[in-house]
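The values are calculated or read from the model by the stated rules, or taken from the named source; none is laboratory data. Fair warning: this is a prediction, and the values are worked out from it, not measured in the lab. As a convention, Cβ positions derive from the backbone with ideal geometry for all residues, glycine included, and neighbour counts pool all protein chains shown. Accessible surface areas use protein heavy atoms only, side chains included; no ligands, DNA or RNA. Shrake-Rupley method; radii C 1.70, N 1.55, O 1.52, S 1.80 Å.
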Amino acid sequence: MSGSQRTPGSTPIEDYAVLGDLGTAALVSRGGSVDWLCLPRFDSHACFAALLGTPENGRWLLGPVDPDTKTTRRYVDDSFVLETTHETPTGVVTVVDVMPLADGRADVVRRITGVTGTVRMRHEWIVRFGYGRTRPWVSRHKEEREAGVDEIITAVAGPDMIVLRGARLPHAENGHHVDEFDVTEGDTLTFATTWFRSHESTPPPLHVTDRIKDTIGRTHQWASHHDYDGPYLEAVTRSLLVLRLLSHGVTGGIVAAPTTSLPEDFGGERNWDYRFCWLRDAALTLEALLGCGYVEETESWRQWLLRAVAGDPEDLQIMYCVDGARDLPERELDHLPGYAGSRPVRIGNGAVGQRQTDVLGEVMIALEHARQQGLTENEDSWNLQRALVDNLAEHWQQADNGLWEIRGPLRHFTHSRVMVWAAFDRAIQAVEEHGLDGPVDRWRELRDVVRAEVMEKGWNEEKQTFVQHYDTTEVDASLLTLSGVGFIAGDDPRMLGTIRAVERELLRDGLVLRYRTDSGVDGLAGDEHPFLACSFWLVVAYAKAGMVAEATALMDRLVGLVNDVGLLSEEYDPVHRRMAGNFPQAFSHLTLVGAALALAEATGKARHAPH
């Protein structure tokens, strides 16, 4: 992306890259600072939290001392092994950062290699458990190995312990561990930070070279299995990899983002915790993966869903913890100043108790897509879906908070009503096309009733557009999805009118806002920036309307907004050319994939590569 305006006091969001091991993720800056890491799980507390505060809140820095440094970076092949090259006036070094996969451990490995000349490096290892609040007890120990005795540093607080290994360990200085050293051509220095439970024995050292090679190989192999071969292939592949990175390899839960409280409004209150599993976001992720040939991931998530929502359908939540746990109360962390002074910093998410009637529609769409791809239902999986649809049949008329988790009054949001229609429609398909059992006559009747209601109350004849909810003339970007879910044809005059209304009322410098915040619908102070998923929805709407030139132009611009390693945040500030919101964001990447699929279909270009 083009040069961004730096946010005072904070590293620009787009200057971060992500590392991950299918259990959790770390953010590492262009300058070499790991500023965010929750261990051992996405939704665990952070031990490096400088992202939302200062270095005193925990970070792990390995970077050049010289400020006159040119830095480039890339992911190795189709992996999240990050290779950063620092070129200083005196020499060049590379740093390889990796969180190894598939070993049941929680490690961050950093390997420095001298390429030419000599580079002075700075090492800071500042561990602060409890989201940067708790200073651990740090001590040095001797570790006996076959090759001799090595020194290690451990940091412990309560149930958590972290060990640092390396050829040259930093020394204690004012509560930090710091060091400076020269790296010359041919030198290799490796450091590893490993988390473990404090009552357990210290894990043995890794065979680092083997683990790096294996991690690259595993991720590359996974990426090679997708069958998409249409336009924007590089961006689609990286987006699919991000979606996999945000999927927990053991539980099957899919998180919305690995971060909390990166602001939608710099300096404002629109800061939320996205380290949980929204049923909607996960279902939409599966849609993107299924569209590119991945079916196994759907089975894993379906099993997670069965466990998470087991019980009375009345108790269905819109989101869960990574392991399916239900309790994620929202609270504020007063000790953190927030990214760019954006407060409060929140953990947990109060929207967990909201009614969002659209959610089941997204889930049923994804599971119907999976059936079409050959995933068979077992007794439990279909019984669960039937129970949820039957429950929806009893409560679908209730007002809700909508997909944007509006914290204002409950409304009859048009998008939510359309997704109720979609839930019944896909349940009917399950019976009619796949031979599953269900009260299909009742579902057909309800589907027709819902559609008629939306056409009557969700359409504004004077403005010639669908509206955000039944009591307003405002539009909402979620209305762009109506053709994509099959509710209305893409070239229907009512859909075309809605596209024009969105262009008229929600475009900011050519990118799409979710809705007009000054309407007061969400009950929050401040503004926000264009929501990237909404702009990708406009690409899809254009494509389905036959407006291919408009779709291509917008897609070209959106793909150009990815950072240097192919990542997207939740929102984008086109005025200051900077990313905003949690990062990297599943919603942005899954809608990128969906937009590419829709555009490939509209242009007749090859979508799927032969196996």
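Beyond a 31 Å Cα-Cα separation, which of these cross-linked pairs lie in this structure: K213/K544; K70/K213; K463/K544; K457/K605? Write out the running numbers ahead of the final one.
Numbers: K213/K544 43 Å; K70/K213 27 Å; K463/K544 22 Å; K457/K605 38 Å.
Listed pairs above 31 Å: K213/K544; K457/K605.
One Cα centroid belongs to region 275-338, the other to region 35-93; the line between them spans 28 Å.
Which FRET efficiency value, to the nearest 0.05, do you get for D323 and A549 by plugging their Cβ-Cβ distance into 1/(1 + (r/R0)^6) with R0 = 51 Å? Before the final figure, lay out each step's value.
Details: r = 47 Å, r/R0 = 0.91.
After rounding, the FRET efficiency stands at 0.65.
Distant-in-sequence amide contacts of G486, defined by a placed amide H-H separation under 5 Å and a gap of 5 or more residues or a different chain, comprise nothing.
With θ taken as phi - 60° and the Karplus curve 6.51 cos²θ - 1.76 cosθ + 1.60 applied, the whole-hertz 3J(HN,Hα) list for region 331-336 is 9, 10, 9, 5, 7, 9 Hz, x standing for glycine and proline. Among the GluC sites (Glu not before Pro) within region 133-191, which fall in a DSSP loop and have no more than 15 other Cβ atoms within 10 Å of their own Cβ? The qualifying sites are E146, E185. The listed residues V548, V163 rank as V548, V163 when sorted by accessible area, largest first, using a 1.4 Å probe.
Full extension of the chain between D334 and R355 gives 4.7 nm of extra length, using 0.36 nm per residue less the Cα-Cα distance.
Relative contact order for the chain using alpha-carbon pairs under 8 Å, separation at least 6, rounded to a whole percent? It would help to have the intermediate numbers written out before the result.
Values: 1366 pairs, mean separation 84.0, N = 611.
Computed over the chain, the figure is 14 percent.
Could you tell me how many degrees, from 0 to 90 and to the nearest 10, lie between the Cα long axis of helix 208-223 and the main elongation axis, the longest principal axis, of the Cα atoms of the chain? Roughly 20 degrees between the two axes.
Pairs of alpha-carbon atoms within less than 8 angstrom and 6+ residues apart define the contacts here; what relative contact order does region 1-108 have, in percent?
On the way: 193 pairs, mean separation 20.6, N = 108.
Taking the mean separation of contacting Cα pairs over the length of region 1-108, I get 19 percent.
Taking the C-alpha atoms only, the angle from helix 493-506 to the longest principal axis of the chain is near 40 degrees.
Derived value for the chain: Kirkwood hydrodynamic radius 25.1 Å. Basis is the mean of 1/r over every pair of different alpha-carbon atoms.
The V76 and H141 beta-carbon pair, evaluated with R₀ = 41 Å, returns a calculated FRET efficiency of approximately 0.80.
Per-residue 3J(HN,Hα) values for region 422-435, derived from phi via the Karplus relation 6.51 cos²θ - 1.76 cosθ + 1.60 with θ = phi - 60°, read 5, 4, 5, 4, 6, 5, 4, 4, 4, 6, 6, 9, 10, x Hz in sequence order (x marks Gly and Pro).
Using the Cα gyration tensor of region 1-150, with a ≥ b ≥ c the square roots of its eigenvalues, what is the shape: rounded (a/c below 1.5), prolate (a/b larger than b/c) or oblate (neither)? Intermediate results must be reported in sequence, preceding the final value.
Details: a/c = 1.41, a/b = 1.14, b/c = 1.23.
The shape class here is rounded.
Derived scalar couplings between HN and Hα for region 396-411 equal 4, 7, 6, 5, 8, 8, x, 5, 8, 6, 4, 9, x, x, 5, 9 Hz in order, rounded to whole Hz, by the Karplus curve 6.51 cos²θ - 1.76 cosθ + 1.60 (θ = phi - 60°), x for Gly and Pro. Backbone amide hydrogens, once placed in the peptide plane, bring D160 within less than 5 Å of S198, excluding anything fewer than 5 places away on its chain.
Against the chain, whose longest principal axis comes from its Cα atoms, helix 233-245 is set at around 80 degrees.
Sketch the reach of a paramagnetic label on K457 as a point 7 Å from Cα along Cα-to-Cβ, and name the residues of region 465-489 whose backbone nitrogen lies under 13 Å away. 469-472, by backbone N distance to the label point.
Given axes a ≥ b ≥ c from the Cα gyration tensor, I'd like to know whether region 335-464 is rounded (a/c under 1.5), prolate (a/b larger than b/c) or oblate. The partial results should precede the final answer.
On the way: a/c = 2.51, a/b = 1.45, b/c = 1.74.
Cα axes put region 335-464 in the oblate bin.
Short-range pairs are left out: with C-alpha atoms under 8 Å and at least six residues apart, the relative contact order of region 428-581 is 17 percent. Going by the alpha-carbon gyration tensor, a ≥ b ≥ c the square roots of its eigenvalues, is region 157-218 rounded (a/c under 1.5) or, if a/c is not under 1.5, prolate (a/b greater than b/c) versus oblate? Since a/c reaches 1.5 but b/c is at least a/b, the shape of region 157-218 is classed as oblate.
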